[in-house]
Amino acid sequence: MLNASKDNMKNTALTQIHIALGAKMVPFAGYNMPVQYEGVNAEHETVRNGVGVFDVSHMGEFLLKGPKALDLIQKVCSNDASVLFDGKAQYSCMPNGKGGIVDDLIIYRVNAEEYFIVVNASNIEKDWSWISSHNNLGVEMHNLSDDYSLLAIQGPKAAEAMQSLTSIDLSNMTYYTFQYSTFAGIENVMVSATGYTGSGGFEVYVKNEDAEKLWHAVFKAGESFGIKPIGLAARDTLRLEMGFCLYGNDIDDSTSPLEAGLGWITKFTKDFTDAEFLKGQKEAGLQRKLVAFEMIERGIPRHDYLIEDANGNTIGKVTSGTMSPSMKIGIGLGYVQTAFAALDSEIFISIRDKGIKAKVVKLPFYKA
């Protein structure tokens, strides 16, 4: 993700609350964001075992409306959004016309002529320009990114802790669905089950003017469940344990969805940007693949560390890496030459000029 200078950073509607709570604040994707409160490992465990709250109001939100809204989405996105029904969400990506990825995103179908799209904070302007440049269909487009706040309430206790705030049956919400309802006394709130942590939970979208009311209601409702605020550092370790790609690290304008293991959201049953190129890439065979690996020897892999074979030849690069708080071993994602991408392949991570042994594994790293 892109960082911004402290002079031109944006704040979310909750920035002052984070500061008052003693959060360590950092520039992140152009926003002043809480990276941690009591510490990454403690916050990580709170989400894995209880319930925690992320302010992810920096994310971008677009609304596409009109009879041709689906046609525009189908053109710019790799997944097949025609299978969506009202209240259903879908993970997708936008190929960039050169074999890379503009962004990954979530598409929410409100109704047949209205789609709510959530994009990464660092890509809001780029994504808006990209979709706009393909909108020769008369689709009504609204950039709502500066109007909305978003709380991600995550963890196995999230449904029980939040149930008193809404009439939605939270415990029976299916993954990748959403509903509109009153939440914490705020009307017409969108509640989705599209979490990024692998531990269950919900995302709650409200207008900025309702953000503080929502925050206080959520923490009051969750008090007896040990609810805590969680920073973006733990969000990163949680998503990595699940093997979820992070734009700017694991996918970007130079990585194809097929190389990134996103063939499952690349549907050749329809036409879309780069469809022919990606078909050709699939048929010719990939030169490199994104793999998951665990350290066999002691060491912590980090972004941009080189990946080597047994003879010290460079075969790839780490895109994301950390010491897993849940598993207490080094884990990571990285692109390697296809010959080294098979499960259990032995690879070496170059840490301080020494090759540290690791092996390719199946995702997710963490299994509850």
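Things to note:
- Cα gyration tensor category, rounded, prolate or oblate, for the chain with a/c compared to 1.5: oblate
- Backbone N under 17 Å from the Glu114 label point (7 Å along Cα→Cβ), restricted to segment 159-189: 178-183, 187-189
- Each Lys or Arg adds one and each Asp or Glu subtracts one; over the other residues with Cβ under 14 Å from the Cβ of Ala234, this totals -1.
- Adding -39500 (n - 2.57) for every DSSP H run of four residues or longer, then dividing by how many residues the chain holds, sets the calculated 222 nm ellipticity at -5500 deg cm²/dmol.
- Whole-Å distance, taken between Cα centres, linking segment 206-282 and segment 69-93: 16
- Phi angles across segment 159-176 convert, under the Karplus curve 6.51 cos²θ - 1.76 cosθ + 1.60 with θ = phi - 60°, into 3J(HN,Hα) values of 4, 5, 5, 9, 4, 5, 8, 8, 8, 5, 7, 4, 5, 10, 6, 7, 4, 6 Hz, Gly and Pro given as x.
- Relative contact order (%) - segment 287-363, alpha-carbon pairs under 8 angstrom, separation at least six: 39
- Mean separation of Cα contacts under 8 Å, 6 or more apart, over the residue count of segment 60-143: relative contact order %: 41
- Global geometry of segment 60-143, whether rounded, prolate or oblate, following the gyration tensor of its Cα atoms and the 1.5 cut on a/c: rounded
- Förster-model FRET efficiency, 22 Å R0, His216 and Glu38, C-beta, rounded to 0.05: 0.65
- Separation of alpha-carbon centers, segment 300-368 and segment 103-182, rounded to whole Å: 33
- Relative packing of peptides 141-153, 266-278 - highest average C-beta neighbours within 10 Å first: 141-153, 266-278
- Computed over neighbours whose Cβ is under 10 Å from that of Thr266, the net charge equals +1, Lys and Arg +1, Asp and Glu -1.
- Theoretical FRET efficiency, 1/(1+(r/R0)^6), r = Cβ-Cβ of Ser167 and Ala284, R0 51 Å, to 0.05: 0.45
- Put simply, the amide H of Ile356, placed in the peptide plane, has neighbours under 5 Å in Ile349, Ser350, Ile351, leaving out anything fewer than 5 places away on its chain.
- Summing charges over neighbours of Thr314, with a neighbour being any other residue whose Cβ is under 13 Å away from its Cβ, gives -2 when K and R count +1 and D and E count -1.
- Normalised contact order of the chain, rounded percent, pairs of Cα under 8 Å and 6 or more residues apart: 17
All of the numbers you see were taken from the coordinates with simple rules; none came from a lab. Please read all numbers here as calculations on a predicted model, not as lab measurements. Cβ sites come from the backbone with ideal geometry, for glycine too, and all protein chains shown count toward neighbours.
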